[in-house]
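Working notes, beginning with the structure itself.
The values are calculated or read from the model by the stated rules, or taken from the named source; none is laboratory data. Here the structure is a predicted model, which is why all the values come from computation and not from measurement. Here the Cβ is made from the backbone with ideal geometry for all residues, glycine too, and neighbour counts use every protein chain on show. Side chains included, ligands, DNA and RNA excluded: accessible areas come from the protein's heavy atoms. Shrake-Rupley method; radii C 1.70, N 1.55, O 1.52, S 1.80 Å.
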Amino acid sequence: MIFHITSRKDWEAAQAKGEYVAESLHTEGFIHCSTLAQILPVADKFYRGQTGLVLLMIEPALLSSTLKWEAPSGGTPPPGVPEGDPFPHIHGPINLDAVVNVMDFISDTNGDWALPAV
């Protein structure tokens with residue numbers, strides 16, 4: 001499984017549209033995803049202080065877009081992710097049937113993230 005962090009609002013919009021498209025698909029050519037081990041470092045670096053987030057659990061075998069394992073965007077992984085650890089990038093929209101679970105993704109009062117039961 002791979003995972004993608006997004007807002008509940010964007011996920012609800014995707015359901016109405018029939019596919020999920022992140023802004024990064026337009027600006028960078030792919031949708032950023034993470035492995036289970038990469039979720040918390042990514043959340044700490046890019047989502048600190050945000051609320052209303054969900055974690056999409058994606059089954060790669062069900063994707064209709066291309067999945068590539070690539071170096072982190074910008075070349076340097078977030079703290080906590082080993083150097084050289086590739087990230088899953090989806091080069092196209094995410095078809096909704098590839099999303100096998102959607103979980104609330106909430107930080108505590110200190111801003112620390114915890115993984116939902118996956």
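Laid out as a table, the results:
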| read-out | value |
| --- | --- |
| Pair list, Cβ under 9 Å, 6 or more apart: segment 99-118 residue on the phi > 0 side of the Ramachandran plot, other residue open to solvent by 30 Å² or more (accessible area, probe 1.4 Å) and assigned to a loop (DSSP other than H, G, I, E, B) | GLY111/ARG48; GLY111/GLY49 |
| Checklist (1) touching a Pro at 6+ places or on another chain (Cβ under 7 Å); (2) open to solvent by 20 Å² or more (accessible area, probe 1.4 Å); (3) not hydrophobic (A, V, I, L, M, F, W, C) applied to ASN95, failing item | (1) |
| Selection within segment 24-36 - loosely packed, with under 12 Cβ neighbours inside 10 Å and assigned to a helix (DSSP H, G or I) | HIS26, THR27 |
| Residues of segment 73-83 that turn out to be farther than 11 Å from PHE30 by Cα, open to solvent by 20 Å² or more (accessible area, probe 1.4 Å) and touching a residue at least 12 places away in the same chain (Cβ under 8 Å), as a count | 2 |
| Filtered residue count, segment 1-23, keeping only those that are under 11 Å from the mean Cα position of the chain (by Cα) and either part of a helix (DSSP H, G or I) or free of Cβ contacts under 8 Å to residues at least 40 places away in the same chain (or both) | 1 |
| Residues within segment 58-71 that are open to solvent by 20 Å² or more (accessible area, probe 1.4 Å) and in contact with a Phe, Trp or Tyr (Cβ under 8 Å, 6 or more places away or on another chain), tallied | 4 |
| Residue tally, condition out of contact with any strand residue (DSSP E or B) (no Cβ under 8 Å at 6 or more places or on another chain) and surrounded by fewer than 11 Cβ atoms within 10 Å (Cβ to Cβ), over segment 98-113 | 3 |
| Boolean, LEU55 is assigned to a strand (DSSP E or B) and either without any contact (Cβ under 8 Å) to a residue 60 or more places away in the chain or open to solvent by 20 Å² or more (accessible area, probe 1.4 Å) (or both) | no |
| Filter result for VAL118 (modelled with pLDDT of 95 or more and closer than 28 Å to ALA16 by Cβ) | no |
| Sole exception among (1) surrounded by fewer than 17 Cβ atoms within 10 Å (Cβ to Cβ); (2) at pLDDT 95 or above for GLY49, by number | (2) |
